Structures are given as structure tokens and as C-alpha cells.
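The values are calculated or read from the model by the stated rules, or taken from the named source; none is laboratory data. Just so you know, these numbers come straight off a predicted model, no measurement behind them. All Cβ positions, glycine included, derive from the backbone under ideal geometry; neighbour counts span all protein chains shown. Protein only, heavy atoms only, side chains kept; ligands, DNA and RNA dropped before computing areas. Shrake-Rupley method; radii C 1.70, N 1.55, O 1.52, S 1.80 Å.
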Protein chains: 4
Amino acid sequence: MTIAMDRDALNAFLARDFPQVAGSYRVESVGPEGLVARLVVDEGHLRPGGTVSGPSMFALADLAIYCAILSRIGPVGLAVTTSASIDFMRKPVAGVDLLAECRVLKLGRVLAVADALIHSEGLDEPVARCSMTYSIPPK
Amino acid sequence: MTIAMDRDALNAFLARDFPQVAGSYRVESVGPEGLVARLVVDEGHLRPGGTVSGPSMFALADLAIYCAILSRIGPVGLAVTTSASIDFMRKPVAGVDLLAECRVLKLGRVLAVADALIHSEGLDEPVARCSMTYSIPPK
Amino acid sequence: MTIAMDRDALNAFLARDFPQVAGSYRVESVGPEGLVARLVVDEGHLRPGGTVSGPSMFALADLAIYCAILSRIGPVGLAVTTSASIDFMRKPVAGVDLLAECRVLKLGRVLAVADALIHSEGLDEPVARCSMTYSIPPK
Amino acid sequence: MTIAMDRDALNAFLARDFPQVAGSYRVESVGPEGLVARLVVDEGHLRPGGTVSGPSMFALADLAIYCAILSRIGPVGLAVTTSASIDFMRKPVAGVDLLAECRVLKLGRVLAVADALIHSEGLDEPVARCSMTYSIPPK
């Protein structure tokens with residue numbers, strides 16, 4: 001397996017192409033075993049009670065999986081999510097960042113499939129799992 | 001079928017309990033056939049190219065389905081999404097609000113299931129479909 | 001919308017290409033509004049308690065959606081399901097056939113998306129909902 | 001983690017309560033890291049071209065996840081699948097058994113969530129992934 005984009009290349013790509021989200025999300029590590037991305041939790045991500053909202057977790061999984069695919073195929077700006085499924089399993093810990101651990105399960109010519117487990121930093125039990133299919137544009 | 005909360009009651013509930021999102025999302029109509037919610041699209045929802053981001057569409061579906069369930073059971077603040085599946089089918093039209101049309105398929109004692117079709121205002125073809133399960137807390 | 005294969009053409013296609021399942025599943029109607037398929041319930045589809053098994057409902061949805069796509073594009077034997085999501089909402093009535101009502105939501109060059117509601121014949125409330133993405137091979 | 005039912009107990013449970021499927025599916029191993037189940041492929045599971053059908057893979061994932069939950073909570077016959085999502089990623093190898101490797105991600109009082117990777121025996125790359133939610137009846 002070749003790494004086409006490493007952590008720094010992915011974070012630079014996010015900062016340039018996704019300035020709206022680049023402050024909240026960043027890639028922590030990239031390796032053969034997968035990619036880890038972080039949601040830096042702030043007020044905007046919270047729901048009543050202080051836990052991170054479902055859409056913020058969805059956004060984290062989406063970004064982590066997108067970056068995991070780019071880490072393998074390089075900076076393809078037009079890859080788009082075609083379908084996603086997510087299970088919310090536990091309440092995230094209030095005021096703690098979330099980490100998504102992502103693995104690429106299929107990297108085809110047209111479709112890529114990956115999944116992610118999300119957990120509150122410092123805790124093992126996952127708060128959510130997500131799987132997504134991305135459509136990769138022809139070169 | 002009884003309507004436990006109408007459009008105005010739902011919008012008032014959102015404004016009070018979800019102030020972070022109440023500016024962007026609002027309930028348009030509630031009836032026996034279902035609920036329609038609107039995403040008032042602004043810069044924060046966009047991706048490169050000017051289309052609405054996937055997470056923003058997920059958030060719209062989540063809010064529409066949540067309100068559709070509340071319209072039937074009343075203001076239960078602790079109902080939570082347990083699982084969701086979403087298909088992104090077309091690019092939303094740039095700069096146009098999105099509408100989610102939602103129907104409740106099951107309203108059980110513990111779980112509720114609903115789905116939603118999302119389309120750009122003024123266009124028939126759906127840009128996304130979504131189904132979600134909500135867990136309803138015991139009274 | 002053009003109907004490329006009608007009910008009889010679809011049932012003949014199933015009998016020829018899917019002899020293992022053609023006895024249990026058949027297309028009831030095809031029209032602009034969608035397709036209806038039937039599962040003729042027998043012992044092999046049941047679980048303890050006499051209700052139809054989850055995998056049998058999944059198979060019904062898969063076949064209904066496949067036929068709904070073929071009704072629009074003609075007999076493409078190599079269209080394959082790439083992803084599916086299903087919610088089981090109620091217990092099917094024991095000893096009663098199941099009907100799947102299916103609508104095609106997107107018919108792209110490469111991917112098609114459709115969903116289906118399944119109910120016990122004679123009852124309105126759905127026992128399951130399903131959405132699927134099919135990959136369509138290049139001509 | 002306690003193992004409430006081991007491999008032999010699970011296979012005996014299947015043989016008694018699910019005689020229709022017990023010939024095709026069996027539990028291979030149960031451990032703290034998860035459960036592995038096998039689909040003994042025969043003619044009835046095949047589609048044109050000799051590959052295992054999607055519904056047969058769904059049935060394998062369903063059974064593997066059901067058994068993984070029972071391995072933790074004991075023989076609860078009334079646990080039911082409430083939702084499932086599956087991605088079909090590669091063609092299974094013709095004439096080769098399928099193995100599902102399953103892990104329990106959440107074991108709550110009311111809901112359990114697990115996922116599974118399915119591959120053709122002897123090959124590493126997964127042919128499908130599946131996640132499911134089960135509803136557990138009150139004791």
C-alpha cells in the first residue's frame with residue numbers, strides 16, 4: 001500500500017479547500033492500518049446537555065473517510081459521498097474531543113468503501129460507527 | 001392521527017432548545033401526510049463549487065425527522081437518533097434552499113422510524129434520501 | 001418515463017435467469033408510479049413463531065428494486081447491489097404474502113437508487129422499509 | 001467479558017430453533033475478540049455466474065451477529081434485528097465458503113449493535129461489510 005498523501009499534506013489540503021471546517025477537524029495520523037481524525041469540540045458542535053451533536057459526528061466521519069481515501073489516491077477534489085450509514089451508540093463525554101479511526105475496505109476504480117469508529121478521546125468504547133461509499137470521478 | 005405539536009409549536013421549541021441551529025432550519029408545515037422542513041442555505045453550509053455539504057443535508061434530515069416525531073408525541077427533549085442511513089443522489093442547486101419531506105413509518109413505544117426526501121426548492125427530483133431510527137425515552 | 005420491461009417481461013426474465021427464486025417472488029405490477037412485487041410465503045421463509053425471516057424480506061426488497069430498475073433500463077443482467085439499508089418495523093402477519101412497493105429515486109449512468117416499503121397483504125402499516133444502490137455496468 | 005454461550009452451545013441452539021438454516025450456517029469460533037460464522041455454500045445460495053447471492057450474504061451477517069449477541073447474553077430467542085446496513089464490495093469466489101467475522105460494538109439494556117466483515121475463505125479482502133442493530137426484549 002502506498003501513501004499518496006500524508007498527514008501534513010491532508011491538513012494543508014483541508015485548510016486550502018475546506019476553510020469552513022479546517023479549524024474544527026484535523027488529521028492526526030495516517031498509516032497502513034488506517035487514518036485517525038480529530039474533531040476539536042467547541043460550542044457550535046454541542047446539543048443541550050453538552051454532548052456533541054449527531055450531525056457533527058457525521059461530519060467527522062465524512063471528513064475522516066474522505067481523507068483516508070485521499071491518502072491512497074491523492075488530492076481528488078471531486079470524490080463525493082454517495083451513501084452513508086451511521087449508528088449512534090453512546091453519549092460522547094461532554095467537553096472532550098472526538099477521534100475517528102477509519103479503515104478503507106475497498107478502493108475500486110469507481111467506488112470506494114470505508115468505515116470508521118468514533119470515540120471520545122481517552123475512552124475505548126465507541127460512541128458511533130459509520131460506513132460510507134464514495135464515488136471517485138474518472139481521471 | 002393526532003398532531004401533538006403544530007408548526008408554530010415546533011419552531012418555538014427549536015428556538016428555545018436548539019438556538020445554534022434554529023436560524024438555519026425551520027418547520028414549514030405539519031400534517032397527517034408528513035412534515036416539511038427547510039434549510040435556509042448560507043455560506044456555512046456550502047462546499048467548494050457552491051453546493052450544500054453532505055453533513056448539512058444530514059442535519060436537515062435529522063431535524064425534520066425529529067420534529068416529525070415530536071409532532072406526534074409532543075416535546076420529548078431526550079429522543080435521540082440511534083441509526084441513520086442516507087443516500088446522496090444529485091448535486092443540490094447552488095444558492096437555493098433545501099426542503100425535506102418527511103413521513104413517520106413507525107411510532108412504537110421505544111423506537112420510531114421515519115424517512116425523508118430532500119430536494120432543492122422548486123425542483124422535483126430528490127437530491128438525497130434519508131431514513132432514521134429514534135429511541136424514545138420512557139415517560 | 002418509458003417502461004422498458006413490463007410485468008410479463010420481468011417475470012419471464014426472472015423465470016429464465018433466476019430459477020431458484022422465481023417460484024417465490026413475482027412482479028405484480030409496473031407503472032410510472034413504481035413497481036409492486038410479491039413474496040409467496042412458504043415454510044422456507046419462516047422463523048420460529050411463524051413470521052417471515054429478515055433475510056426473506058431483504059431478498060424481496062432486493063428483487064423488487066432490481067426489477068424496478070430493469071423496468072426502466074431493460075434486461076441488464078449484470079446490475080449489482082452495492083449497498084442496502086433496511087429497517088424492520090413490525091412483525092409480518094403469519095401465513096400472509098408480503099408485497100413490496102418500490103420507487104426509483106435516481107437512475108444515473110453508473111448508479112441507481114430506489115427504495116421500497118414492504119407490508120403484509122391486506123394491511124396498510126409497513127413491516128419494513130429498504131433502500132438500495134445498484135451499480136449499472138457500462139453498455 | 002463473559003462468554004454466556006460458546007461455539008457448541010450456539011450451534012446446538014441453531015440446530016434446535018433454526019432447523020431451516022442450521023445446515024448452511026454454523027459458528028466456527030467465539031472469543032473475546034469476536035465471533036466467526038461460516039456459510040457452507042451450495043447451489044441454493046448462488047446467482048448466475050456462480051457467486052453467492054446478496055440475500056445469502058445478508059443472512060450470514062444476520063446469523064453471525066445474532067450469535068455474537070447471544071454469546072454474550074445467553075439464549076434470548078426473541079432478540080430481533082431492527083435495522084441493518086450492508087455494502088457489497090467484491091464478488092465472492094465461486095464455490096468457496098464465506099466467513100463472517102463479527103464484533104459487538106454495543107450491548108445495551110434495550111439495543112445491541114454489531115458489525116461484520118465477510119470474506120471468501122482463504123482470501124483476505126472482504127466481499128461485504130454489514131452492521132446491524134438488535135432489539136433485546138426485557139427479561
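Assorted remarks:
- Some residue of the range D:122-134 being within 8 Å of another protein chain (Cβ to nearest Cβ), out of contact with any His (no Cβ under 7 Å at 6 or more places or on another chain), under 23 Å from D:Phe13 (Cβ atoms) and at pLDDT below 95: no
- The set of residues in the range B:78-87 that are assigned to a strand (DSSP E or B) and either hydroxyl-bearing (Ser, Thr, Tyr) or more than 16 Å from the chain's Cα centre (by Cα) (or both) comprises B:Thr81, B:Thr82, B:Ser83, B:Ser85.
- Among the residues listed as B:Val80, B:Val36, B:Val21, B:Val110, the single one being within 14 Å of chain C (Cβ to nearest Cβ) and open to solvent by 20 Å² or more (accessible area, probe 1.4 Å): B:Val110
- If the condition is being charged (D, E, K, R), surrounded by fewer than 18 Cβ atoms within 10 Å (Cβ to Cβ) and at pLDDT 95 or above, then the range A:1-18 contributes A:Asp6, A:Asp8.
- Condition met for D:Ala61 (within 14 Å of chain A (Cβ to nearest Cβ) and modelled with pLDDT of 95 or more): yes
- When restricted to residues that are among the β-branched types (Val, Ile, Thr) and more than 11 Å from the chain's Cα centre (by Cα), the range A:59-77 contains 2.
- The residues of the range A:109-121 that are at pLDDT 95 or above and of a type outside the set (A, V, I, L, M), listed by number, are A:Asp115, A:His119, A:Ser120, A:Glu121.
- Whether a residue is in a helix (DSSP H, G or I), free of Cβ contacts under 8 Å to residues at least 60 places away in the same chain and surrounded by fewer than 18 Cβ atoms within 10 Å (Cβ to Cβ) was assessed, and D:Gly44 passes this test.
- Annotation note: of D:Val113, D:Val76, the sole residue that is among the β-branched types (Val, Ile, Thr) and over 22 Å from B:Ala84 (Cβ atoms) is D:Val76.
- First in the range D:114-139 and in contact (Cβ under 8 Å) with a residue 24 or more places away in the chain, second anywhere and assigned to a strand (DSSP E or B) and open to solvent by 30 Å² or more (accessible area, probe 1.4 Å), Cβ under 6 Å, 6 or more apart: D:Ala114/D:Val104; D:Pro126/D:Leu117; D:Arg129/D:Leu117; D:Ser135/D:Val80
- If the condition is being assigned to a loop (DSSP other than H, G, I, E, B) and in contact with a strand residue (DSSP E or B) (Cβ under 8 Å, 6 or more places away or on another chain), then the range A:47-60 contributes only A:Ser53.
One line per residue, one yes/no per condition, for (1) of a type in the set (Asp, Glu); (2) not in a helix (DSSP H, G or I):
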| position | (1), (2) |
| --- | --- |
| C:Met5 | no, yes |
| C:Ala15 | no, no |
| C:Gln20 | no, no |
| C:Glu28 | yes, yes |
| C:Ala37 | no, yes |
| C:Asp62 | yes, no |
| C:Ile65 | no, no |
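- All of (1) out of contact with any Ser or Thr (no Cβ under 6 Å at 6 or more places or on another chain); (2) closer than 19 Å to B:Ala59 by Cβ; (3) surrounded by fewer than 23 Cβ atoms within 10 Å (Cβ to Cβ) hold for A:Arg26 with one exception: (2).
- Only one of the listed residues (D:Arg90, D:Arg103, D:Arg72) is assigned to a loop (DSSP other than H, G, I, E, B) and either open to solvent by 40 Å² or more (accessible area, probe 1.4 Å) or away from every other protein chain (no Cβ under 14 Å) (or both). That residue is D:Arg90.
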